[in-house]
Every structure is written in structure tokens, then in C-alpha cells.
Amino acid sequence: MRIAPHIVVKFGPDVEEAEALLMEYVDDRCPQVRAPKLLGMLADTRLAYIFMSFVEGETLEAVWTGLSPRQKGHLRDHLDVMLTDLHQQRPPEGALLGTLAPPHVCKDARRWIRKAENIENEATFNLFLLRDPLPNIASTYLQWLRSRMRDDHRIVLSHGDLHPKNILVQVEGESACISGLIDWEMGGWYPEYWDALKALNLRATNDESDWWLYMPKQLDAFTAEIALDGIVERTITGL
């Protein structure tokens, strides 16, 4: 909610301190990443409030179909610069995966959001991804699927929800730039393919958008991981 010309507040029972801490970290450590600046946070027994700077622009989802190939290319390249900066960040020695703030929660959004705490490495993270499969999934099938999953990706800082609705852009003539990445509640320390996976997790076979054809290099290098996660998705949700 915009409460002043340059101030926005995000509030609700599910708003978490971890999102505010991540925004503060990004502002301090990632100069190429355009994101709202944290102005403060309040919480009571029912609701939490994150105050942040207002970011000008429209969502990429709203303007994409009206953009020219050249404008789309500008946005792809700009997003790649920002993600390169973000993914250069490494967790401190011994840090847990997931949110930067305790209890360090990993979040996996599919048909619902699954959560897990105390994830020490990618091997444990992979077990979390395969947790609670459909009742008709054989244990030997799960063992085979787990054996296909890598445990050696770099752990990097991730936005966690790079859908076009969370990318704000400004368009002037034939130029276009990203004015901000918003909604950081799904972000934290994750395997390096995570942003690529979550940027595509709402893609459907009948989706006519060509957003998928303009993935920046930081998101376009994990074809095998994305394909394998399609099998994980069916194992967990049946879709």
C-alpha cells in the first residue's frame, strides 16, 4: 500500500522480518540490484509492517506483449547484470539455507508453499524437495529420482520469485530498463539454479507469452535442473 509519494508499506499476518533483512542486505551488498530500500519495520502480535521506498514503473507482466524485440533484449540484458550481482553473493561459513534471519526457513512454492528449517546443505535441501510425495509414489522411484539430483551447486543469494509480476520496468521510446525487483519474501540462500526454476514455475504449455525466450544468461544455464524438477513437480503435486 502506498502511504506517501515515496513510501510503501507491506503488511499482513504472513509478512516476516526475514524479507526486511534480505532487502537490507541487498541494498548494502548488491549495488547493481534495483530494489525497494528498507525504511523500517514494525510488528505486533497479529500483523507485521515493512516500510520501503516506492519504486516507479509498471510490472513486466502488464507491458510485455507491447514491447518490441529490442526493448525485450534491453530488459533481458539489464536483468542479467542485476542477477549476476545478486548471485555473486555467498553465504557465510556454516550458514543455513533459506532465509537470512532465524529460523532460516527454506520455501518451495508450488500449488502451496512448503517450508523446512535447519537445511545445512544441498543434499538435505534435495530431501526436502522430495518430502511428502503423492501416496502412490514408490520408494524405489524416489530413490532413483534423488540419485539424479546434484548436491554440488553453488549456494547463492536468490530472489526466489522472479515472475514478471515482480519485475518493475520503465519504457521510454525504444529503450527499456528495470526499475526494481519487488516482493522478496521467497528469497535467501539457495542453489544457483533456484531463480531460473522459480522464474519459470508458472509457465504452462498453452502460455503464448515469449518471456521464456528472453531469459538472461544467469537463468538460461540450468536446462537439466528445470527438466528434472518437472518430474519432482509431478511426484509432489501430480501436475
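Values as computed for the structure displayed
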| read-out | value |
| --- | --- |
| Selection from region 12-30 of residues that are of a type outside the set (Asp, Glu), under 20 Å from Pro102 (Cα atoms) and surrounded by 15 or more Cβ atoms within 10 Å (Cβ to Cβ) | Val15, Ala18, Ala20, Leu21, Leu22, Met23, Tyr25, Val26 |
| Conditions (1) surrounded by 12 or more Cβ atoms within 10 Å (Cβ to Cβ); (2) within 27 Å of Asp183 (Cβ to Cβ); (3) out of contact with any Gly (no Cβ under 9 Å at 6 or more places or on another chain); number of the one not met by Arg146 | (2) |
| Close pairs from region 225-236: first over 16 Å from Ile137 (Cβ atoms), partner crowded, with 17+ Cβ neighbours inside 10 Å and hydroxyl-bearing (Ser, Thr, Tyr), Cβ under 6 Å, at least 6 apart | Glu225/Tyr193 |
| So Thr99, is it touching a Gly at 6+ places or on another chain (Cβ under 8 Å) and either surrounded by 15 or more Cβ atoms within 10 Å (Cβ to Cβ) or closer than 14 Å to Pro164 by Cα (or both) | yes |
| Matching residues, region 209-224, being in contact (Cβ under 8 Å) with a residue 12 or more places away in the chain, of a type in the set (Ser, Thr, Tyr) and either touching a helix residue (DSSP H, G or I) at 6+ places or on another chain (Cβ under 6 Å) or in a helix (DSSP H, G or I) (or both) | Tyr214 |
| Count - residues of region 108-137 that are in contact (Cβ under 8 Å) with a residue 12 or more places away in the chain, of a type outside the set (A, V, I, L, M, F, W, C) and in contact with a strand residue (DSSP E or B) (Cβ under 6 Å, 6 or more places away or on another chain) | 4 |
| Lone unmet requirement of (1) surrounded by 11 or more Cβ atoms within 10 Å (Cβ to Cβ); (2) at pLDDT below 95; (3) among the basic types (Lys, Arg) for Arg111 | (1) |
| Filter result for Ala204 (among the aliphatic types (A, V, I, L, M) and surrounded by fewer than 18 Cβ atoms within 10 Å (Cβ to Cβ)) | yes |
| Some residue of region 34-55 being under 18 Å from the mean Cα position of the chain (by Cα), in contact (Cβ under 8 Å) with a residue 40 or more places away in the chain and either assigned to a helix (DSSP H, G or I) or surrounded by fewer than 15 Cβ atoms within 10 Å (Cβ to Cβ) (or both) | no |
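The values are calculated or read from the model by the stated rules, or taken from the named source; none is laboratory data. Just so you know, these numbers come straight off a predicted model, no measurement behind them. Don't worry about glycine lacking a Cβ; one is built from the backbone with ideal geometry, like all the others, and counts go over all protein chains shown.
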